[in-house]
Amino acid sequence: MGLNLGTVQRVGREGKVGERLLNRKELNPEASPQAAFGARLRSLREARGWTQDDLAVLTEYSSVHISAVETGRKPPTLRFSRSADRAFDLTGTADSFEREYRQIQHGSLLEGTPEYIKCEARAAEIRLYEIGVIPGLLQTPEYARVLAESAVRRGTITPQQAEERLSSLAERQADLERGRIPSILVVMDESCIRRQVGGTKVMRAQLDRLEGFAELPNTVLQIAPFGMGERRPFNLPVYLLTMPDLSVIAYAESQMRGHLERESAAVIPLLAGYHQLQADALPQAASVAVIKEAGKGTP
């Protein structure tokens with residue numbers, strides 16, 4: 001019995017698909033941000049029932065190029081990321097490939113930070129402790145820019161990296177205003193409000209921002225005063241995220257890198273330390289009073 005042309009084409013295509021499945025490379029999205037990009041590209045493609053040839057047509061790239069990005073043999077580019085966003089209708093969304101690409105390119109971010117940012121966007125509760133500078137989620141654009149430009153002058157980041165850092169921070173702040181807003185509990189060392197950044201105008205606007213933050217229904221803001229002395233449990237910034245499944249993720253930074261921790265054995269002591277910090281810090285009303293006093297003392 002003969003086969004018509006349509007059947008031959010179908011069988012030929014299915015044969016190619018079967019051959020590709022046999023040669024399919026297992027992906028490890030944990031290997032690197034680039035690997036995670038490729039793994040997500042493959043996952044979304046397969047969820048749509050598309051072959052690499054199908055996606056190649058939609059993105060105007062070759063199937064060989066699609067395969068190389070998926071398996072991490074070729075890094076994604078901005079143009080490719082935008083093409084993928086158009087294909088999957090993700091342009092301008094929080095899950096866009098362009099956004100993921102920019103996170104990969106954020107050489108100014110510490111190791112571990114891009115992964116933390118992804119978790120932060122999904123967290124049900126965010127607990128922050130910061131020393132010396134206002135936490136990023138609470139920074140005004142002007143305050144954040146002063147810090148970024150200062151890093152450029154010191155030569156630790158490039159002007160392009162400074163802009164990427166500011167863009168990333170703005171996206172993080174915007175994420176927390178979309179959909180269901182998480183609870184945000186913040187304890188700041190008193191040094192955060194005493195350290196002058198950017199001059200009178202910038203600092204006063206930043207302190208006003210903190211007062212407004214404390215008035216929100218989903219927030220708690222406390223100051224850990226200098227008088228805590230040796231009772232302060234942390235000497236480095238610590239961030240704790242409670243995820244929708246009630247698991248807790250910890251993130252801590254040193255000068256050189258950030259570290260994301262999911263293991264309970266490591267997270268539980270940090271959570272206990274944070275509870276101690278909250279107990280010893282000033283209550284919110286007293287903390288706001290200290291912030292107001294600091295604002296009046298700004299020369």
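The values are calculated or read from the model by the stated rules, or taken from the named source; none is laboratory data. All values derive from a computational prediction rather than experimental measurement. Here Cβ is always computed from backbone atoms with ideal geometry, including for glycine, and neighbour counts include all displayed protein chains.
Key figures for this structure:
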| read-out | value |
| --- | --- |
| Region 220-246: number of residues that are within 26 Å of GLU115 (Cα to Cα), polar (S, T, N, Q) and at pLDDT 95 or above | 1 |
| Residue in region 197-210 that is assigned by TED's automatic domain parsing to the domain that holds ASP280 and in contact with a strand residue (DSSP E or B) (Cβ under 9 Å, 6 or more places away or on another chain) present | yes |
| Any chance GLY212 is surrounded by fewer than 18 Cβ atoms within 10 Å (Cβ to Cβ), among the small types (Gly, Ala, Ser) and modelled with pLDDT of 90 or more | yes |
| Top-ranked residue of region 116-147 - restricted to ones that are of a type in the set (Phe, Trp, Tyr) and in a helix (DSSP H, G or I), ranked as modelled with the lowest pLDDT | TYR116 |
| Residue count, region 267-294 (criterion: buried (at least 16 other Cβ atoms within 10 Å of the Cβ) and not in a helix (DSSP H, G or I)) | 2 |
| Candidate set: region 222-236, residues that are surrounded by fewer than 19 Cβ atoms within 10 Å (Cβ to Cβ) and outside any helix (DSSP H, G or I); chosen: the one nearest to the chain's Cα centre (by Cα) | LEU236 |
| Cross-chain or 6+ apart pairs with Cβ under 7 Å, region 82-97 first and in contact (Cβ under 8 Å) with a residue 24 or more places away in the chain and not assigned by TED's automatic domain parsing to the domain that holds PRO33, then of a type outside the set (Asp, Glu) and assigned to a helix (DSSP H, G or I) | none |
| Condition check for ALA144: outside the structural domain of ILE249 (by TED's automatic domain parsing) and either buried (at least 18 other Cβ atoms within 10 Å of the Cβ) or not charged (D, E, K, R) (or both) | yes |
